[in-house]
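To keep things clear, I will list the structure first and then write my remarks on it.
The values are calculated or read from the model by the stated rules, or taken from the named source; none is laboratory data. This is a predicted model, so every value here is computed, not measured. Cβ atoms come from the backbone with ideal geometry, glycine included; neighbour counts cover every protein chain shown. Ligands, DNA and RNA are excluded from the accessible area calculation, which covers all protein heavy atoms including side chains. Shrake-Rupley method; radii C 1.70, N 1.55, O 1.52, S 1.80 Å.
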Amino acid sequence: MDFDPSDEQQMLIDNVRRFVREEILPLEAKLDPDASELDPKDHARLVEKTKAMGLYGIDIPPEFGGPDIDIVTRTLLAIEMAQHRAGLYAPCYGTFGGAGLAQLFEANDDQKERYLFPTLRGEKKAFFGLTEPSGGSDPARAIRTKAERKDNGWVINGSKIFISGADRAQYGIVFARTDASKGRGGITCFIVDNDTPGFHVRRVVHTLRSSSYATELEFKDCWVSDHQVLGEVNKGFAVANDRLTRQRIPYAAGCIGVAIAAHEMAIEWSKMRETFGARLSDRQAIQWMLVDNELDIRTARLFTLQAAEKARRGIPFRTEAAIAKLTASEGGWRVVDRSMQIHGGMGMTKDLPLERWYREMRIRRVGEGPSEVQRMLIAREVLGTSVR
């Protein structure tokens, strides 16, 4: 596989790189170090620029108005979009738009009118309700939230945790067990409006991401109609699994982008900083740290583009996505850690983005499936068996 960008891809990469350098970084320099949002006026102005670039709604399929780019190109752009302080979880502060919840592209016509299209127009926000207090690494078994048939609909009871944006959303996609005897074959996906009686945000859950937080949700005799079932009854796990597998590729790309930015900072600093009469870059200990950074970045980039290329071709890519997510999140964290060490005391300050990347990269080793789950998925391929 040839992973050198085509001329068209390189043009897009250059445009996004220039956008980050000329538009995002100057605005970010004036923000709080933990900020994840731009001033509304600046955001609106930059959205117009991304529209002029033909890249707004970057994750929206072209048949719904998004740009016609493949997943390999999307991965290359994700690497560039992450290279600023807030880039790991707020790449370019959302000025390239988003697709909301990808599952809604498979919704029926009525659901598209009520949820998908308003979300694409920016009129509604949504949350993704999968993880529960009982566990998130194995959702097929950990889901204890139940939905039982009643009055031509379903009554949902249970809870969810670590759900982003639920307190600011108008609706969410919620996974509940509808048949206890079928394991992963007994889970159904529901669309739940936030004003549905019996649903509420129980509390805010603070994490290492200082500017952002998660929420815990409660469902108590929350009734929804059959019209709120997304997809088919008892086939909701496939909906969740498809999202998690495909999302791991741009997720990995974001880790690579941050690692590249941290590595470049470390190289520049090592050439400037002198200790005991010599530059840091002249010392073998520092040189080897920079070499290890380079190895981690190149390895993650290779595996991530390989996964993207398989996805583009329509070839099964679940194992490759797991390898990409594992190498990028763990390797990217090591790069940031080494880069902080090279910067010494300055690396620990909020004057530089390194400390924020360090905290947020730590989360990436758990988000979208922890490293241990990725290793389990890879082991299945290595052993040629299915772990049940």
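Among strands (runs of 3 or more DSSP E) lying entirely in region 132-214, which contain 2 or more residues that are farther than 30 Å from ASP34 by Cα?
In region 132-214, the matching strands (runs of 3 or more DSSP E) lie at 146-150, 153-164, 171-177, 187-193.
Pull up region 154-168, narrow it to residues that are of a type in the set (Gly, Ala, Ser) and at pLDDT below 95, then point me to the one that is surrounded by the most Cβ atoms within 10 Å (Cβ to Cβ).
ALA166
Every residue, every condition in (1) charged (D, E, K, R); (2) under 30 Å from ARG177 (Cα atoms); (3) out of contact with any strand residue (DSSP E or B) (no Cβ under 6 Å at 6 or more places or on another chain), yes or no:
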{"residue": "LEU38", "(1), (2), (3)": "no, no, yes"}
{"residue": "LYS51", "(1), (2), (3)": "yes, no, yes"}
{"residue": "GLY54", "(1), (2), (3)": "no, no, yes"}
{"residue": "LEU130", "(1), (2), (3)": "no, yes, no"}
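Residue by residue through region 47-70, note down the ones that are hydrophobic (A, V, I, L, M, F, W, C) and either open to solvent by 30 Å² or more (accessible area, probe 1.4 Å) or outside any helix (DSSP H, G or I) (or both).
Listed by number, the residues that qualify are ALA52, MET53, LEU55, ILE58, ILE60, PHE64, ILE69.
Name the residue, out of LEU77, LEU38, that is assigned to a loop (DSSP other than H, G, I, E, B) and modelled with pLDDT of 95 or more.
One residue alone meets the criteria, LEU38.
Where in region 306-388 are the helices (runs of 4 or more DSSP H), entirely inside, with at least 2 residues that are polar (S, T, N, Q) and within 18 Å of the chain's Cα centre (by Cα)?
318-343, 371-383
Can you find a residue in region 23-34 that is in contact with a Gly (Cβ under 7 Å, 6 or more places away or on another chain), part of a loop (DSSP other than H, G, I, E, B) and crowded, with 16+ Cβ neighbours inside 10 Å?
no
If ASP221 satisfies all but one of (1) among the charged types (D, E, K, R); (2) at pLDDT 90 or above; (3) under 30 Å from MET289 (Cβ atoms), what's the number of the condition it fails?
(3)
Checking the conditions here, which among ILE249, ILE267 is in a helix (DSSP H, G or I), open to solvent by less than 40 Å² (accessible area, probe 1.4 Å) and either under 30 Å from MET340 (Cα atoms) or free of Cβ contacts under 8 Å to residues at least 60 places away in the same chain (or both)?
Step by step, each of ILE249, ILE267 is checked, and only ILE249 is in a helix (DSSP H, G or I), open to solvent by less than 40 Å² (accessible area, probe 1.4 Å) and either under 30 Å from MET340 (Cα atoms) or free of Cβ contacts under 8 Å to residues at least 60 places away in the same chain (or both).
Residue pairs, Cβ under 7 Å, 6 or more apart or interchain, first in region 303-317 and at pLDDT below 95, second among the aliphatic types (A, V, I, L, M) and assigned to a helix (DSSP H, G or I). List them.
ALA311/ILE71; ALA311/ILE249; ARG312/ILE71; ARG312/VAL72; PHE317/ALA307; PHE317/ALA311
For region 295-338, how many residues are touching a His at 6+ places or on another chain (Cβ under 7 Å) and either of a type in the set (Ser, Thr, Tyr) or surrounded by fewer than 20 Cβ atoms within 10 Å (Cβ to Cβ) (or both)?
Of the residues in that region, 0 qualify.
Can you say whether ASN293 is over 22 Å from ARG362 (Cα atoms), under 28 Å from the mean Cα position of the chain (by Cα) and part of a helix (DSSP H, G or I), as far as the supplied structure shows?
no
Among SER210, SER181, which is polar (S, T, N, Q), under 27 Å from the mean Cα position of the chain (by Cα) and either over 30 Å from ARG365 (Cβ atoms) or modelled with pLDDT under 95 (or both)?
Result of the check over SER210, SER181: SER210.
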